[in-house]
Amino acid sequence: MKRGALLLVFAAIYVWAVVGSGLDRIAEKNAAVVDLVPSPFRAAAERSRAISAIGNEDAEAALEAAEAALRANPADHRSAALLGVANRLAGRETAEKEAFSAARQFGWRDPDTQGFWLEQRLSEGNYDEAVLHLDALLRQFPALPNAQELIANFERNRAGQQALRDRLALDPPWSRTFWQPETEDRETVLRRRARYLGDNSTKSWGCGPSGPLMSGLWETGLRRDAERVMLAQCSRNIAEGSVADPHFDIAQRLGWRRHPSGDITYREKEDGLVVRNRSAATRLVLSQPVAFGEGFYRVALSGENSVAVSLTCGMPQVPPPRSISHTVRVPDCRDQVLGLWVGGGNVATFIAITAASATP
């Protein structure tokens, strides 16, 4: 009888532990059950309470909850990191550093901890160690919303750039975040990167890895920047003449951009490109960034005469009148775009194009 009673006690304790632990895990994502969690299992529940308090900028409640979470499970890095965040909110710098010093003993996976030590090492100018914390963050979250801001901290001087280059040379999973930035301020980020990768003294970044960056610059219309990077990293020019890919060779990496739609079709020929416009309106079918000097240029096309030529600052929006002469005025801007338009209901064969300075 006593043995049976003892087994019942153990069973009750086991059930209590399972339910308590389960509620604790649920509480981490559902604040509604926080108060139902038994006190020995409240680590996740208290973390949930701490996160909520931090979100409300309630430093006192955040500290209380983070400390309780750490007492409930001293071996959990998340509780130590939350205590660090709570101390920052309370303005307790020394306690903040102590908490994050404890949190980093548990490894490299906590983002708050890595963010803290990234900031610390940057403030010390220790880029070699700072980039390790950047790497730890971006390996977990390559699409982190402020990833470009974090990378920008390393782009301000040669020491930071070198640390960044050495890390990227290892081809980490977040390489795409650097070489192909996706951000609302993409043009600014691309230009910033082009400034130092286009310096002849930075050749060691490499031609192959720099390819996506050059393509991004080209697609954005920043031909001069793309050319500088190509020259510095690949020791060659994008094009021998004013226009890249003058023979409409679709194998060219940096050349013509197509503008397909339901009405526009492209057919490759051995000696050029055939474009059909089935719509009734004139449509932009090909474009590329150029870098002409200000003035007038004569653009000559071999093939059909049903083509109009535009040269604008940025992507053209309005079709120009068709003209046999194709003499265009070149605006003084850094985002010049050469556009080729096909009239409604027409088929154009593009074989070659040349551009030369002309008088108006």
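The values are calculated or read from the model by the stated rules, or taken from the named source; none is laboratory data. This one's a predicted model, so the numbers in the text were calculated from it and none came from an experiment. Note that we place each Cβ from the backbone using ideal geometry, even for glycine, and neighbour counts take in every protein chain shown. For the accessible areas, the whole protein counts, side chains as well, though only heavy atoms, and no ligand, DNA or RNA atoms are used. Shrake-Rupley method; radii C 1.70, N 1.55, O 1.52, S 1.80 Å.
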Just give me the residues in segment 190-199 being under 12 Å from GLN148 (Cα atoms) and open to solvent by less than 10 Å² (accessible area, probe 1.4 Å), in sequence order. LEU190, ARG193
Of the residues ALA352, ALA308, only one is touching a Ser or Thr at 6+ places or on another chain (Cβ under 6 Å) and under 28 Å from GLY216 (Cα atoms); which? ALA352
Restricting the search to segment 104-119, which residues are open to solvent by 70 Å² or more (accessible area, probe 1.4 Å), of a type outside the set (S, T, N, Q) and assigned to a helix (DSSP H, G or I)? ARG104, PHE106, ASP112, GLU119
Under 7 Å between Cβ atoms, which residue pairs at least 6 apart in sequence (or on different chains) link something in segment 188-213 that is within 25 Å of PRO173 (Cβ to Cβ) and without any contact (Cβ under 8 Å) to a residue 60 or more places away in the chain with a partner that is among the basic types (Lys, Arg) and surrounded by 17 or more Cβ atoms within 10 Å (Cβ to Cβ)? ALA194/ARG228; SER204/ARG165; TRP205/ARG165; LEU213/ARG193
Residues of segment 82-103 that turn out to be open to solvent by 50 Å² or more (accessible area, probe 1.4 Å) and either under 14 Å from GLU119 (Cβ atoms) or part of a helix (DSSP H, G or I) (or both), as a count: 6
All positions within segment 201-226 that are under 23 Å from CYS313 (Cα atoms) and outside any helix (DSSP H, G or I): THR220, GLY221, LEU222
Among GLU182, GLU187, GLU219, GLU240, which is touching a Ser or Thr at 6+ places or on another chain (Cβ under 7 Å), among the charged types (D, E, K, R) and open to solvent by 60 Å² or more (accessible area, probe 1.4 Å)? GLU187
Find the residue count for segment 244-275, including only residues that are assigned to a loop (DSSP other than H, G, I, E, B), under 30 Å from the mean Cα position of the chain (by Cα) and surrounded by fewer than 19 Cβ atoms within 10 Å (Cβ to Cβ). 9
Inside segment 182-197, can you point out the residues that are in a loop (DSSP other than H, G, I, E, B) and modelled with pLDDT of 95 or more? none
In segment 276-301, which residue that is open to solvent by 50 Å² or more (accessible area, probe 1.4 Å) and not in a loop (DSSP other than H, G, I, E, B) is nearest to THR359 (Cα to Cα)? PHE296
